[in-house]
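The structure appears below as structure tokens.
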Amino acid sequence: MVTQHQFNQINEISPGGGYAAGGVPLNVTSSGQVGGLWTLFVSNFTLLATGGAIPTWRWAVIYDAATGSLIGFTDYGSSVSLDVSDLVNFIFDQVNGLIQGVAASG
């Protein structure tokens, strides 16, 4: 997973069961810069299997839909499949943000 840099380089699970092709858009709640450090905050969300099972997956990937560039990923630790009504809560850091970077002028 670490060697891939673009969304089109990963094997996305098939859409179905409440999972749409391309994944779930994250809701950006805020971003800002303090003392040269830029931080991005996103809302938590729940992935719920509805109308069928969500295919087996292990990695959750975050990418920029405009460019296809991968931003980050997390390994669930083992393969997961969600049957109807099963869910996974994705909880993001609301203090330090999803991602931080040094802002440069330029």
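Tell me, which residue of the range 68-106 that is of a type in the set (Phe, Trp, Tyr) and closer than 17 Å to Ile10 by Cα is nearest to the chain's Cα centre (by Cα)?
Restricting attention to the range 68-106, the residues satisfying the condition of being of a type in the set (Phe, Trp, Tyr) are 73, 76, 90, 92.
Next, only the ones that are closer than 17 Å to Ile10 by Cα stay: 73, 76.
Details: Phe73: 7, Tyr76: 12 Å.
Ranking the qualifying residues of the range 68-106, first place goes to Phe73.
Being touching a Gly at 6+ places or on another chain (Cβ under 6 Å) and either under 21 Å from Gln6 (Cβ atoms) or not basic (Lys, Arg) (or both), is that true of even one residue in the range 59-67?
As a first pass, look at the range 59-67 and keep what is touching a Gly at 6+ places or on another chain (Cβ under 6 Å): 62.
Next cut, either under 21 Å from Gln6 (Cβ atoms) or not basic (Lys, Arg) (or both) only: 62.
Within the range 59-67, one or more residues are touching a Gly at 6+ places or on another chain (Cβ under 6 Å) and either under 21 Å from Gln6 (Cβ atoms) or not basic (Lys, Arg) (or both).
Of all the residues that make up the range 73-88, how many are charged (D, E, K, R) and loosely packed, with under 10 Cβ neighbours inside 10 Å? First the steps, then the outcome.
Residues of the range 73-88 charged (D, E, K, R): 75, 83, 86.
Now narrow it down to the ones that are loosely packed, with under 10 Cβ neighbours inside 10 Å: 75.
Qualifying residue count for the region: 1.
What are the residues in the range 14-30 that are touching a residue at least 12 places away in the same chain (Cβ under 8 Å) and either in contact with a Leu (Cβ under 9 Å, 6 or more places away or on another chain) or closer than 18 Å to Asp64 by Cβ (or both), if any? I'd like the intermediate steps shown before the answer.
Of all residues in the range 14-30, those touching a residue at least 12 places away in the same chain (Cβ under 8 Å) come to 14, 16-19, 22-29.
Of everything in the range 14-30, those that are touching a residue at least 12 places away in the same chain (Cβ under 8 Å) and either in contact with a Leu (Cβ under 9 Å, 6 or more places away or on another chain) or closer than 18 Å to Asp64 by Cβ (or both) turn out to be Gly17, Gly18, Tyr19, Gly22, Gly23, Val24, Pro25, Leu26, Asn27, Val28, Thr29.
Rundown of residues vs (1) touching a residue at least 12 places away in the same chain (Cβ under 8 Å); (2) surrounded by 12 or more Cβ atoms within 10 Å (Cβ to Cβ), yes/no style:
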{"position": "Glu12", "(1), (2)": "no, yes"}
{"position": "Gly36", "(1), (2)": "yes, no"}
{"position": "Thr46", "(1), (2)": "yes, no"}
{"position": "Ile62", "(1), (2)": "yes, yes"}
{"position": "Phe90", "(1), (2)": "yes, yes"}
{"position": "Asp93", "(1), (2)": "no, yes"}
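Would it be correct to say that Thr3 is under 20 Å from Ile99 (Cα atoms) and part of a strand (DSSP E or B)?
Working: under 20 Å from Ile99 (Cα atoms): yes; part of a strand (DSSP E or B): no.
Answer is no for this residue.
When you scan the range 49-66, how many residues do you find that are under 14 Å from the mean Cα position of the chain (by Cα) and farther than 12 Å from Pro25 by Cα?
First, pick out the residues of the range 49-66 that are under 14 Å from the mean Cα position of the chain (by Cα): 57-65.
Filter once more, so that each one left must be farther than 12 Å from Pro25 by Cα: 57-60.
Residues flagged as under 14 Å from the mean Cα position of the chain (by Cα) and farther than 12 Å from Pro25 by Cα within the range 49-66 amount to 4.
Restricting attention to the range 15-32, which residues are exposed (fewer than 12 other Cβ atoms within 10 Å of the Cβ) and part of a loop (DSSP other than H, G, I, E, B)? First the steps, then the outcome.
Filtering the range 15-32 for residues exposed (fewer than 12 other Cβ atoms within 10 Å of the Cβ) gives 20-22, 25, 27-28, 30, 32.
Listed by number, the residues that qualify are Ala20, Ala21, Gly22, Pro25, Asn27.
We did not get these values from a lab; they are worked out from the coordinates using the rules stated. Computed from a prediction, not measured in an experiment: that's the story for all the values here. Cβ: placed from backbone, ideal geometry, glycine included. Neighbour counts: every protein chain shown.
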